[in-house]
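All remarks here apply to the structure that follows.
The values are calculated or read from the model by the stated rules, or taken from the named source; none is laboratory data. Because the structure is a prediction, the values reported are computed rather than measured. All Cβ positions, even for glycine, are placed from backbone atoms using ideal geometry, and neighbour counts span all protein chains on display.
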Amino acid sequence: MSSVATAPSPLSRLLSFWPIVTLVALATSTFLLLLPVYNIVGLSFSGQEGGAGIFENYIMFFSEPYYYRSLINSFIVSISAMVLALLIGVPAAYIVSRYDIVGRSLIKTAVVLTFVSPPFIGSYSWVVLLGRKGVLSQMFADVGISLPSIYGAPGIIFVFTLQFFPFVFLLVSSGLKSIDQSVEDAARNLGSGEGRTFFTVIAPLLLPSITTGALLVFIASFTDLGTPIILGERFRVLPVLIYGEFVNDFGGRPVLASTLAVLLLIVTTGALLLQRRLAARFSYATSAIRPLTLQSPGPLKRFLASVFIYGLVLLALLPMINIVISAFLKSNGPVLVAKFTLANFDKVWRMADGPLLNTVMFTTIATAMCAIMGTMIAYIIARRSGRISALLDTVVMFSYAVPGIVLGVGLVVTYHNPPLALTGTPLILILAYFIRRLPFSVRSSVSSLQQLSRDTEEASINLGAGPGRTFLKITVPLLSMAILSGALLTWSNTIRELSATLVLQSGSTTTISVEIFNEVANGNFGTASALGMTLIVLTFLPLLLLFTFLGKNEEALV
Amino acid sequence: MTTSVSIDNVSKEFSGTTAVDSVSIEIGQGEFFTLLGSSGCGKTTLLRIIAGFLPQTRGDIRFGDKIINNVPAHQRNTGMVFQNYAIFPHLSVFENVAYGLKVRGRSRGDIDREVRQMLDLVRLGHLSHRLPRELSGGQQQRVVLARAMVIKPDVLLMDEPLSNLDTEMRLHLRSEIRALQQQFGVTTIYVTHDQEEALLISDRVAVMSTGKVVQLGPPREIYLQPSTLFVASFIGDNNLLPAMVEETRPDGSLLARLPGGQALIAHAVPGQKLSHGEACTVSLRPQDVDLKQGGPGGLEGVLEDIQFLGNTIKMYFSLGEGKPVVVTLPGRHDVTIPTVGSKCTLHPSAHAVTAFEGVVSQ
């Protein structure tokens with residue numbers, strides 16, 4: 001007598017663990033991502049405001065200078081920031097990875113700190129330093145030097161470059177780690193000098209990192225909302241226009257905002273597709289047995305490299321140093337007075353049960369959702385082949401391409417009216433954070449799963465544990481480190497979210513990032529600094545855990 | 001309770017390629033059955049189909065008289081031992097072995113007792129609280145063996161369980177596996193590419209090639225009476241000499257002419273019909289040759305090289321043309337070894353020379 005169970009019916013097989021999870025994941029991403037995007041695309045072709053024809057809104061966009069200039073402006077700042085970030089980021093990564101200059105790990109930490117600090121905090125900090133009444137502008141004016149203005153296109157490009165060059169720095173640093181020393185030795189042995197070796201051997205092998213870094217800088221610059229609002233003044237870029245059309249004083253024009261959002265989405269999706277293609281095309285799949293070694297450069301080279309790298313780090317850290325100092329200074333509106341005070345933090349404390357609590361709560365819930373759902377989706381993508389799992393992969397990666405402001409507009413358009421009137425509720429913010437950051441968790445778990453042999457899970461199945469039990473008892477414990485580091489990264493990235501939050505929040509669901517934004521708009525720099533410092537600490541703490549206890553390095557960030 | 005397994009005309013196709021091709025095997029209750037073949041022959045695929053990790057494209061798998069095609073892997077009650085152990089790295093030795101019993105909802109007392117018994121049986125009782133990373137490869141594989149046995153599986157499945165171990169541990173664990181299997185009487189399907197292992201451990205062996213079973217039988221039969229040229233070349237050392245059928249006789253024997261001009265008497269393999277003038281291959285195991293000076297019916301050869309291997313002595317004889325013929329003699333004290341360059345007559349023992357259709361590809 002055999003103890004084998006009898007065969008289950010087809011229906012009960014469909015109702016087993018993974019098919020249900022797949023269904024839930026697909027439904028979730030449909031309602032939170034595909035439907036909102038579908039709706040804004042639909043609205044953009046509805047022609048309600050622009051006229052009768054379905055292309056009316058687009059025709060208007062491309063015929064009115066006020067509108068099409070914003071697209072051109074967006075390209076100008078993003079491409080400039082991208083080029084500058086490459087010019088700074090690649091040499092910086094090379095110097096820190098190859099030369100034994102003092103304080104290499106401190107330099108890396110500083111780069112990470114700039115990278116994770118919210119861009120809009122950097123922008124207003126530069127206003128404090130280089131604005132019309134800025135600390136540095138005044139200092140230099142006193143000795144007769146007039147510094148260039150921080151406002152307008154040059155200021156935006158300057159801030160974007162400093163804010164986003166870490167993308168290039170971190171990717172190129174990790175790219176350099178996968179090049180074997182023998183490759184460089186061979187080039188040198190054949191008579192090629194250091195510069196020539198870099199351009200003919202090292203740089204070509206770095207192309208996947210360089211192109212990925214460049215396009216990430218481009219996308220981040222193209223979609224950022226806070227910086228151009230603070231620094232742009234009359235120089236308007238596309239996200240600013242979307243925000244303006246959406247929340248303007250006369251009630252907002254969702255159709256026009258949707259049209260602009262679709263254009264923004266086309267550019268970011270195109271850039272991501274291009275990135276995937278280029279990275280695949282230039283990939284040589286090298287792996288280093290003996291990675292590139294550290295060198296001792298000659299005195300002149302060492303001097304120049306040090307000046308460059310310390311100068312860069314100082315410049316990138318300046319806004320943060322400024323925030324820390326000004327958080328403890330008395331302020332008289334936008335003018336800071338050189339007197340120590342803790343009054344700014346009183347205001348932060350008063351927000352403890354409002355925006356501060358909101359921020360921590362929304363972020364924590366969204367992160368937990370990402371960790372749970374993300375791990376299960378990762379399992380489906382990595383372990384269950386087939387069309388549905390490929391579809392899920394594509395959908396999740398698409399959410400990476402949807403900018404915060406576009407998602408915000410889409411969610412408002414979709415969930416504004418009963419029966420699902422979610423706008424202004426905490427739920428809509430949590431869901432927005434969840435769907436935007438889902439790719440982080442998924443990616444983190446997928447790469448771990450790919451390194452984990454299937455045998456272990458099969459052994460559990462073979463011993464009689466069903467798919468759900470096997471996932472919970474075997475897969476999750478084995479992935480716990482990846483899940484945790486994915487969650488810490490998600491937390492760090494979510495807590496500083498501004499663009500979607502600005503569109504989706506109502507007074508009672510405001511977050512720290514929105515409060516900082518409001519304080520800056522009202523010219524309360526002291527309070528803004530104290531809040532900014534709080535936010536930077538909240539962003540950086542999980543990363544500190546990640547680096548010290550989970551043994552991850554800076555490259556995990558990109 | 002252990003069960004018989006019948007594999008009935010099972011095929012598996014992966015996007016155009018056939019990994020398992022119409023395989024039918026009946027495995028008796030309590031039998032130690034081995035699937036033997038080189039990598040890519042379909043043996044592991046077949047094992048995974050039996051375990052339920054892969055659905056077959058066609059055919060039925062039965063445990064006893066029950067068709068289990070649609071029973072999910074976790075309900076098949078097979079115990080599997082994997083090539084790279086697949087030990088649960090986050091669980092202690094005890095918890096690893098207890099896993100399947102917990103899943104089956106057994107009481108704490110039962111689990112405790114049975115796991116301990118099993119661990120003692122594989123001599124790991126003293127390590128029950130260790131984590132897998134603190135164990136050697138051999139110990140890890142014994143944990144996995146205990147884990148698969150403790151659930152009293154209907155069928156024990158083993159996928160190259162010894163291939164990641166060093167030689168000494170492999171020999172040791174091999175006999176341990178066989179002893180445990182005998183003690184429990186569990187039906188066992190064992191996959192390996194190691195023919196020596198297969199011959200030594202199994203009740204019956206199925207030799208597989210390109211998804212098909214090419215020969216099935218007890219180890220001795222597989223070795224002594226290979227039914228195809230492939231099996232003759234795959235199992236054990238063999239001299240495979242290209243030849244031409246010069247004469248067929250009514251008793252089934254034939255005269256095969258070698259390229260160098262010499263001829264020898266061979267028996268056509270049962271089931272194959274060789275006719276006059278046909279190209280064939282004759283097989284002759286190195287140990288099936290007596291060396292003499294002269295005498296009728298032998299092959300004249302010149303000794304080219306001698307390799308001394310301790311328990312055997314391996315000699316290479318040139319027959320004038322083609323590859324040299326290998327002859328082994330036991331390395332006994334009283335054996336006389338000819339000198340290199342001397343002429344000898346090679347006398348194959350009776351029924352040791354088999355002729356196969358076709359020419360072996362070198």
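Observations
- Within region A:474-486, one or more residues are small (G, A, S) and more than 14 Å from chain B (Cβ to nearest Cβ).
- The one condition in (1) farther than 20 Å from A:T28 by Cα; (2) over 20 Å from the mean Cα position of the chain (by Cα) that A:A421 fails to fulfil: (1)
- Verdict on A:T259 being surrounded by fewer than 23 Cβ atoms within 10 Å (Cβ to Cβ) and either among the hydroxyl-bearing types (S, T, Y) or within 26 Å of the chain's Cα centre (by Cα) (or both): no
- Positions within region B:319-362 being more than 27 Å from B:S227 (Cα to Cα), free of Cβ contacts under 8 Å to residues at least 60 places away in the same chain and in a loop (DSSP other than H, G, I, E, B), in sequence order: B:G331, B:R332, B:H333, B:D334, B:V335, B:T336, B:I337, B:P338, B:T339, B:V340, B:G341, B:S342
- Taking region A:363-388 as the range and being among the aliphatic types (A, V, I, L, M) and more than 13 Å from A:V24 (Cβ to Cβ) as the test, the residues that pass are A:I365, A:A366, A:A368, A:A371, A:A378, A:I381, A:A382.
- Output for region A:364-381, where each listed residue is crowded, with 20+ Cβ neighbours inside 10 Å and either of a type in the set (G, A, S) or not in a helix (DSSP H, G or I) (or both): A:A366, A:A371, A:G374, A:A378
- Any chance B:V207 is in contact with a Pro (Cβ under 9 Å, 6 or more places away or on another chain), modelled with pLDDT of 90 or more and outside any strand (DSSP E or B): no
- Single residue of A:V168, A:V240, A:V217 found to be in a helix (DSSP H, G or I) and either outside the structural domain of A:I88 (by TED's automatic domain parsing) or under 28 Å from A:R253 (Cβ atoms) (or both): A:V240
- Within region A:184-204, not a single residue is of a type outside the set (A, V, I, L, M, F, W, C), within 27 Å of A:I536 (Cα to Cα) and over 20 Å from the mean Cα position of the chain (by Cα).
- Close contacts from region A:441-457, counting a first residue that is at the interface with chain B (Cβ under 10 Å from one of its Cβ atoms) and acidic (D, E) and a second that is assigned to a helix (DSSP H, G or I) and surrounded by 14 or more Cβ atoms within 10 Å (Cβ to Cβ), with Cβ to Cβ under 7 Å and a gap of 6+ residues or different chains, come to A:E457/A:T470; A:E457/A:I474; A:E457/A:T475.
- Among the residues of region B:170-190, just one is part of a loop (DSSP other than H, G, I, E, B) and either more than 14 Å from chain A (Cβ to nearest Cβ) or over 19 Å from B:A51 (Cβ atoms) (or both), namely B:G185.
- Hits in region B:171-219 - residues which are within 19 Å of B:S39 (Cα to Cα) and either surrounded by fewer than 22 Cβ atoms within 10 Å (Cβ to Cβ) or free of Cβ contacts under 8 Å to residues at least 24 places away in the same chain (or both): B:H193, B:D194, B:Q195, B:E196, B:E197, B:L199, B:S209, B:T210, B:K212, B:V214, B:Q215, B:L216
- Residue in region B:6-19 that is touching a residue at least 24 places away in the same chain (Cβ under 8 Å) and within 14 Å of chain A (Cβ to nearest Cβ) present: yes
- Comparison of B:T328, B:T345 shows that the only residue that is more than 21 Å from B:G261 (Cα to Cα) and of a type in the set (V, I, T) is B:T328.
Rundown of residues vs (1) closer than 15 Å to B:Y190 by Cβ; (2) loosely packed, with under 15 Cβ neighbours inside 10 Å; (3) modelled with pLDDT under 95; (4) within 13 Å of chain A (Cβ to nearest Cβ), yes/no style:
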site: B:I27; (1), (2), (3), (4): yes, no, no, no
site: B:F33; (1), (2), (3), (4): yes, no, no, no
site: B:S38; (1), (2), (3), (4): no, yes, yes, no
site: B:C41; (1), (2), (3), (4): yes, no, yes, no
site: B:T44; (1), (2), (3), (4): yes, no, yes, yes
site: B:A51; (1), (2), (3), (4): yes, no, yes, yes
site: B:Q56; (1), (2), (3), (4): no, no, yes, no
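- Among the residues of region B:319-351, those identified as among the small types (G, A, S) and modelled with pLDDT under 85 are B:G320, B:G322, B:A350.
- Matching option when the condition is within 14 Å of B:M80 (Cβ to Cβ) and of a type in the set (G, A, S), among B:A179, B:A148, B:A98, B:A198: B:A148
- Region B:309-362, residues that are within 25 Å of the chain's Cα centre (by Cα) and basic (K, R): B:K314
- Selection from region B:58-69 of residues that are more than 8 Å from chain A (Cβ to nearest Cβ) and closer than 23 Å to B:F14 by Cα: B:R58, B:G59, B:D60, B:I61, B:R62
- Complete set of residues in region B:19-45 that are over 15 Å from the mean Cα position of the chain (by Cα) and assigned to a helix (DSSP H, G or I): B:T45
- Some residue of region B:70-84 being more than 7 Å from chain A (Cβ to nearest Cβ), aliphatic (A, V, I, L, M), outside any loop (DSSP other than H, G, I, E, B) and over 29 Å from the mean Cα position of the chain (by Cα): no
- Scanning region A:519-546 for residues that are assigned to a loop (DSSP other than H, G, I, E, B) and without any contact (Cβ under 8 Å) to a residue 24 or more places away in the chain yields a single hit, A:N522.
- Sole residue being more than 20 Å from A:S460 (Cα to Cα), more than 34 Å from the chain's Cα centre (by Cα) and surrounded by 12 or more Cβ atoms within 10 Å (Cβ to Cβ), chosen from B:R113, B:R130: B:R113
- Given (1) away from every other protein chain (no Cβ under 14 Å); (2) free of Cβ contacts under 8 Å to residues at least 24 places away in the same chain; (3) β-branched (V, I, T), number of the condition A:I516 does not satisfy: (2)
- Within region B:133-169, the only residue that satisfies the criterion of being hydrophobic (A, V, I, L, M, F, W, C), at pLDDT below 90 and not in a loop (DSSP other than H, G, I, E, B) is B:M169.
- Residues that are in a loop (DSSP other than H, G, I, E, B) and surrounded by fewer than 14 Cβ atoms within 10 Å (Cβ to Cβ), drawn from region A:276-323: A:S283, A:Y284, A:A285, A:T286, A:S287, A:I289, A:R290, A:T293, A:L294, A:S296, A:G298
- Any hit, region B:93-105, residues being in a loop (DSSP other than H, G, I, E, B), without any contact (Cβ under 8 Å) to a residue 12 or more places away in the chain, more than 8 Å from chain A (Cβ to nearest Cβ) and surrounded by 16 or more Cβ atoms within 10 Å (Cβ to Cβ): no
- Flag if A:G464 is of a type outside the set (D, E, K, R), at positive phi and away from every other protein chain (no Cβ under 14 Å): no
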